[in-house]
Amino acid sequence: MMEGIELNDELKKELVLFVRNEIGPIAAPDIIHWAPGLPKTRSGKIMRRILRKIAANESDQLGDTSTLADPSVVESLKSTYDQMNS
């Protein structure tokens, strides 16, 4: 997220409404997970496999993460996911 932006319920509602209007109701997200970044490789590709594992609560089975550009992003995603689900 951009610095200086307050992450709150109002912003979540705006985001859901935006997706609903631009793409359609089928694409409106049920859950929004604020994150400082995404797990990307050094070449900039998003490692969707890691996102799926965290979302499925299988963060102990992430597999090879040696190509991550910033491994701290994964730890941040895991901790905020755990906070959301506790």
Within the stretch 3-32, which residues are modelled with pLDDT of 90 or more, exposed (fewer than 13 other Cβ atoms within 10 Å of the Cβ) and outside any loop (DSSP other than H, G, I, E, B)? Glu10, Lys13, Glu14, Leu17, Phe18, Asn21, Glu22, Pro25, Ile26, Ala27
Looking only at the stretch 1-57, which residues are closer than 19 Å to Ser72 by Cβ and β-branched (Val, Ile, Thr)? Thr41, Ile46, Ile50, Ile54
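Residue-wise test of (1) assigned to a loop (DSSP other than H, G, I, E, B); (2) under 12 Å from the mean Cα position of the chain (by Cα); (3) over 23 Å from Val19 (Cβ atoms).
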{"position": "Trp34", "(1), (2), (3)": "yes, yes, no"}
{"position": "Leu38", "(1), (2), (3)": "yes, yes, no"}
{"position": "Gly44", "(1), (2), (3)": "yes, no, yes"}
{"position": "Lys53", "(1), (2), (3)": "no, yes, yes"}
{"position": "Asp64", "(1), (2), (3)": "yes, no, yes"}
{"position": "Asp70", "(1), (2), (3)": "yes, no, yes"}
{"position": "Leu77", "(1), (2), (3)": "no, yes, no"}
The one condition in (1) touching a Pro at 6+ places or on another chain (Cβ under 9 Å); (2) in contact (Cβ under 8 Å) with a residue 24 or more places away in the chain that Leu7 fails to fulfil: (1)
Could you please let me know if Leu38 is in contact (Cβ under 8 Å) with a residue 12 or more places away in the chain and either in the same structural domain as Thr80 (by TED's automatic domain parsing) or loosely packed, with under 10 Cβ neighbours inside 10 Å (or both)? yes
How many of the residues in the stretch 10-31 are under 24 Å from Gln83 (Cβ atoms), without any contact (Cβ under 8 Å) to a residue 12 or more places away in the chain and in contact with a helix residue (DSSP H, G or I) (Cβ under 6 Å, 6 or more places away or on another chain)? 1
When you go through Asp82, Asp70 one by one, which is the residue that is outside the structural domain of Glu3 (by TED's automatic domain parsing), among the acidic types (Asp, Glu) and touching a strand residue (DSSP E or B) at 6+ places or on another chain (Cβ under 8 Å)? Asp70
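The values are calculated or read from the model by the stated rules, or taken from the named source; none is laboratory data. This structure is a prediction, so every number in the text was calculated from the model and none was measured. Positions of Cβ are generated from backbone atoms using ideal geometry, with glycine treated the same way; all protein chains shown enter the neighbour counts.
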